[in-house]
Structures are given as structure tokens and as C-alpha cells.
1. Does LEU45 satisfy the condition of being aliphatic (A, V, I, L, M), in a loop (DSSP other than H, G, I, E, B) and either within 21 Å of the chain's Cα centre (by Cα) or assigned by TED's automatic domain parsing to the domain that holds LEU344 (or both)?
2. Could you check region 100-146 and list, in sequence order, the residues that are surrounded by 14 or more Cβ atoms within 10 Å (Cβ to Cβ), in a strand (DSSP E or B) and of a type outside the set (D, E, K, R)?
3. Is it the case, given these coordinates, that LEU203 is at pLDDT 95 or above and part of a helix (DSSP H, G or I)?
4. If a residue has to be within 21 Å of LEU278 (Cα to Cα), charged (D, E, K, R) and touching a residue at least 40 places away in the same chain (Cβ under 8 Å) to count, how many in region 230-267 make the cut?
5. Hey, among PHE163, PHE210, which residue is modelled with pLDDT of 95 or more, of a type in the set (Phe, Trp, Tyr) and out of contact with any Gly (no Cβ under 8 Å at 6 or more places or on another chain)?
6. Just name the residue that is surrounded by the fewest Cβ atoms within 10 Å (Cβ to Cβ) out of those in region 285-311 that are closer than 17 Å to ILE321 by Cα, of a type in the set (Lys, Arg) and in contact (Cβ under 8 Å) with a residue 40 or more places away in the chain.
7. Looking only at region 268-288, which residues are in contact with a strand residue (DSSP E or B) (Cβ under 7 Å, 6 or more places away or on another chain) and not small (Gly, Ala, Ser)?
8. Any residue at all in region 188-197 that is modelled with pLDDT of 95 or more, in the same structural domain as LYS246 (by TED's automatic domain parsing), surrounded by fewer than 15 Cβ atoms within 10 Å (Cβ to Cβ) and of a type in the set (Asp, Glu)?
Amino acid sequence: MAHHNTVFAQLLKMVSRHGFERLSKQHHVGRKLRKTSRWSQFVALMLGQLAGRSSLRDIESNMKAQGQRLYHLGTEPIARSSLARLNEQQPYTFYEALFARLYARCQSLAPGHGFRFKNKLYSLDASLIDLSLSIFPWAHYALGKAAMKLHVGLDHAGHLPAFVTVTDGKTSDIEVGRTLNFAKGSIVVFDKGYTDYRWFKALNEKGIFFVTRIRKNAIWRVDARRQVDRATGLTSDQTITLTGIKPQRLGLPRLRRIGYRDPETGCHYEFLTNNFQLSAGTIAAIYKQRWQVELFFKWIKQNLKIKAFIGNSRNAVMTQIWVALCSCLLLAYLKFSARLGWSLQKMLRLLQLNLFMRRDLMALLRGDPPEQNRPDIRQLCLI
């Protein structure tokens, strides 16, 4: 039977150890680590994410139980006190930088977004991560509440989190949106919470397209109308000029207003965009795909550990969030490499049951039966 490292070890081989160590030196503070390392911290936190461990003691016990199988991971069991100290003292920016490198690797394997156009397509949104005010007083959000906010620009090529920012709960969505640098020609989709006419103008001047919903209190003048096929749910396709005081003062260019009635729910939507090349039906379909970023938030909160935290400081919380995002990219990279049409949830469940099994990772994903030890025929002979 062929010898294999554990499934966990094979998964972590996707992270370049040389690049990891070089990056860790750039983000190190204080004295040189002697009894432990950032790699040991990473392995322990990844184990917590992939195996669903909810406390420092739980992670410590799991690593001790698998002590003999940690050799090929390049680590050894780490004491919970050491792990807690690393989470508190070593800057989380290291894992933020590691996330950026992993995203670059995933991007090279990611499939397309499914539309005919070649433009990059992103969806913007943000989601609160609720915290306990008594345990996390530094994260005060509202009366009696504490929270952090996860802002994501989801790349529809592979549904990867391309732009990620973690802020306090009070930071508005548009405040983060203004800081994102999209490539010229990109199409960015967002809801009405990102409405900012000054930002709309800036995006237009940079050659970036946006698709959003028009606010109910918006005032406009119809400059031109185009015919639509009402059988497809489209109700209007117009060139408009926003005539409100602020858009007029800013000199906002003409925009495109598209009406669409969902045949399933009967709800009517009005979209606003600066893209005049794509068909009205494609614009409506693009906005419908914005739901993927909502599904991303739902998946990461249900399947990874970003709701219950193993540290109380801001650095410890941020470290855990960024490691969770790194684990998400590792799963996505594995999915793209295996070329299986599995959901990340199904893949995670399979890995959880087999993390420390000595099996070929790709064979496991293909569903190949486990290799069996074949008895030596010579040992069965009676002499």
C-alpha cells in the first residue's frame, strides 16, 4: 500500500512554507519565538476552523491526541497558553497578508462568472459579527451591543472574496466602498446602502461600471426610452438625468434606469447603472447574482468559526477572522484543483471526518475506496 501523509498535511501543503516563513518575519513583533512558532499557531487555528473546535482547550486536546501525526505538518502539540499569547501579541496583519497571497493562487484556477462579457464582476456587501459587550467592550456598537463588521467584495469568478475589510460595527458600508480600487472596466454590484452620488461619479470617471437599485426618493427626468420584451419581466429601459439638487451640483452624467418584475415573486425592481452596452436583461441578471455575496456570508458564519471566539482582544478576534478566511480560500483552491462540482460545505464535511486519515486527498475527493493492506502470500504458506 502506498504511504500517504494525513489529509490535513496534504491540504496545508497548498501553503508555501518558504513564503509563509518569510511573510511571518515581516509581521513579527517582540522577541524571537523559541518554544513555538507562527506556523504552529497557523496549524492550530486551521485545525480549529476545519475540525470545528470551539475553545483553546479543545484545540490543545485535539493536537495532543494526534501528536504522532503532527510530524509531517512540521509542528508539535501547542499549549493553549502559548496559543493564546500568540493570538494576543503577534499582529493579525500577517494573516491578512497571507490571505492576499492565497487569493492570488486561487484566482489563477477560478472558473469564469458565467456571463458572456469578459469584464470582472464584483458584488459588494457587509455583514455584522455580533459580540458580547461584557466580553468585548472595545467593540461597542450600539446600546448594550458589540459587533465587528465584515466587508466583502465578492469576485464572481469562483465566488471568491477578492476585497475584504474588517472594521468596527459602526463603520458604514459606503465608507469602505470608497476605498476599494477596482480595475477599469469592472462591473460592481451593490444595494441601496452604497448610494453616494459623488462615488457614482468617481466610478464613472475611472471607467468602472456599477449596477444598483434606485432610491424611492430619487428625482429624475426621462431623456430616452428603449423597447423591452415584457415577456422576460422587463418593464422599462430608459436613459435618465437625476434632477435632485446634489446630483445636479455634482454634474452627475446621464444614467440608465431599468425596470424589472420578478415573475416568481411579482416584486418590481428599478435598477440604476452607467452601463449602456449590455442588454437590459443582462443588467437585471447581474443584479440578481448579487445574492451570491449574501450566500457567502451565510456559509462562512454557519461553517467556520467567526461567531464564537477563542480570544477576547481585538488582535485575537481579527486573527481568528483572517484565519477563517484563509481556510475558505484553501477549500476553494482544493475545489478548483479537484475540478469537482461540489459545494464548499460538502467538501468541508468530508474533510472534517478524515483530517488525520492517511489517504490520498484527491482519491478521497473522487470517492475511491480506501487502499487495503494486502497480506504477504509468503507469510501465509505453511512450511
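1. No; evaluated as a whole, the condition is false for this residue.
2. Across region 100-146, the qualifying residues are LEU121, TYR122, SER123, LEU124, ALA126, SER127, ILE129, LEU131, HIS140, TYR141, ALA146.
3. Criteria met by LEU203.
4. Counting residues in region 230-267 that are within 21 Å of LEU278 (Cα to Cα), charged (D, E, K, R) and touching a residue at least 40 places away in the same chain (Cβ under 8 Å) gives 2.
5. The match here is PHE210.
6. Among those residues, the one meeting the criterion is LYS307.
7. If we filter region 268-288 for residues that are in contact with a strand residue (DSSP E or B) (Cβ under 7 Å, 6 or more places away or on another chain), which is where we start, we get 268-276, 280-281, 283-284, 286-287.
Once the filter is applied, which keeps residues that are in contact with a strand residue (DSSP E or B) (Cβ under 7 Å, 6 or more places away or on another chain) and not small (Gly, Ala, Ser), region 268-288 yields HIS268, TYR269, GLU270, PHE271, LEU272, THR273, ASN274, ASN275, PHE276, ILE283, ILE286, TYR287.
8. No - not one qualifying residue is present in region 188-197.
The values are calculated or read from the model by the stated rules, or taken from the named source; none is laboratory data. In this text, all values refer to a predicted model and were calculated from it rather than measured experimentally. Note that we place each Cβ from the backbone using ideal geometry, even for glycine, and neighbour counts take in every protein chain shown.
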